[in-house]
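Okay, structure first, notes after.
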Amino acid sequence: MKEKIFEWYDQIENTEDITQGDIFLNIPIVKVTNSKDIFDIDNVEEFEGEIEIEYADYIILTQPCDLARPKADLKNVVLCRIHDVEETQYGKGKLVNIIEGKMPQFYMLDKCDSFKYEDGDFKCNKFNHHIVDFNSIQTIELETLKKYASKVNKRLRLLPPYREHLSQSFAKYFMRIGLPSDIDRSEFDNYKK
């Protein structure tokens, strides 16, 4: 196995300081389960939302410069869902394609065997490889996340250059352009190599 030159993570403890690449395991996210029903009523004021709390793993994608010196108009932080590879049932071929960037909706995070975390009934004895799913985005209020972060006794923080690589992959996924027609590759059949 190759020796790693750069560490992927830092372990952060007991702070409300947050930045891009911070990983929150088993974070409670409030979801409105009947939000589509708001369009079925004439008076929005009469809407009664049904909520549920989902506990899941997320990584911060909001830019670090925005979080370091938040302006008054920064109200929310962008989070992206991450999935433990062992819980996905993906095979080696798909996982390798994710690592190689051939599936742009996903990004692979390395494991961190030394990370151990416990919060009530939730226990994590190591951080396995995780897949960031760019199709599963959530926002949370900045002050709410800072308050939650201050109560989490330990979390992982993705370090440069991996943090920037994740950010670039996220941007590339959303800036893709589907062309109505492509160049016919058979026109190059007569070229060697």
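Please treat every number below as a calculation from the coordinates, not as lab data. As the structure is a prediction and not an experimental result, all values here were calculated from the model. Note that each Cβ is placed from the backbone with ideal geometry, even for glycine, and that neighbours are counted across all protein chains shown.
Couple of notes before you dig in:
- Working note: 222 nm ellipticity from helices only, DSSP H runs with n ≥ 4, each -39,500 (n - 2.57), summed and divided by the residues of the chain, gives -5500 deg cm²/dmol to the nearest 500.
- For Phe6 and Ser35, the FRET efficiency from 1/(1 + (r/R0)^6), where r spans their Cβ atoms and R0 equals 41 Å, is about 0.50.
- Cα convex hull of segment 1-159 - mean projected area over all directions, nm²: 12.4
- Gyration tensor verdict on segment 101-193 (Cα atoms; rounded if a/c is under 1.5, prolate if a/b is larger than b/c, oblate otherwise): prolate
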